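S.K.: Following this message is one structure expressed as structure tokens.
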Amino acid sequence: MKHYALIFYSTRTLTHEEQKQRPVDIAGWVKQVTDMGITLDPRNFGEVEADFSAPGSESGPGNGSSDLVMVTIVFFDSADPDQAVNIARMHPGPRYGVAVKLREWTPPRQTLATQ
């Protein structure tokens, strides 16, 4: 079993209609994924409290701009990388201007032990 994280960044403001429809679409995606036997573990990030990046460097979305960029990470496990990609591909986020990234992750201690 491998660990994966879906990372979501908002890229624009939603219309009123999109704000109403997006939770419905996400709930449908969650049902599809959980019906596959996958447990989702979501985390919403708040605003950046402090940014200690080097001056002039770009630290990704929310890198000092005044726009609030919503960031959500959803952790899940999958034995099959193709299944993980399919779960990411099924997410409705891109229809709502959300950038969706899929990454495999390992616990830091495990990474250190293999080095």
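S.K.: List the lysines whose Cα sits under 25 Å from the Cα of LYS2, skipping any in the same chain fewer than 8 residues away.
M.R.: Partners found: LYS31, LYS101.
S.K.: Quick one: length gained pulling VAL100 to PHE52 fully straight, 0.36 nm per residue minus the C-alpha distance?
M.R.: Here the answer is 14.8 nm.
S.K.: Right, another one. For the chain, which whole percent of the accessible surface, found with a 1.4 angstrom probe, sits on carbon and sulfur atoms?
M.R.: About 53 percent, which is the carbon plus sulfur part of the accessible surface.
S.K.: Separate question: Could you do me a favour and compute the accessible area per residue for segment 1-43, 1.4 Å probe, result in Å²? All intermediate terms of the calculation are to be shown ahead of the outcome.
M.R.: Working: 2880 Å² over 43 residues.
Spelled out: the 1.4 Å probe surface of segment 1-43, per residue, equals 67 Å².
S.K.: Quick one: Cα convex hull volume of the chain, Å³ per residue? Write out the running numbers ahead of the final one.
M.R.: Values: hull volume 15.4 nm³, N = 115.
Roughly 134 Å³ of hull volume per residue.
The values are calculated or read from the model by the stated rules, or taken from the named source; none is laboratory data. These numbers were taken from a predicted model, which means no experiment stands behind them. Side chains are part of the model used for accessible areas, which takes the heavy atoms of the whole protein and leaves out ligands, DNA and RNA. Shrake-Rupley method; radii C 1.70, N 1.55, O 1.52, S 1.80 Å.
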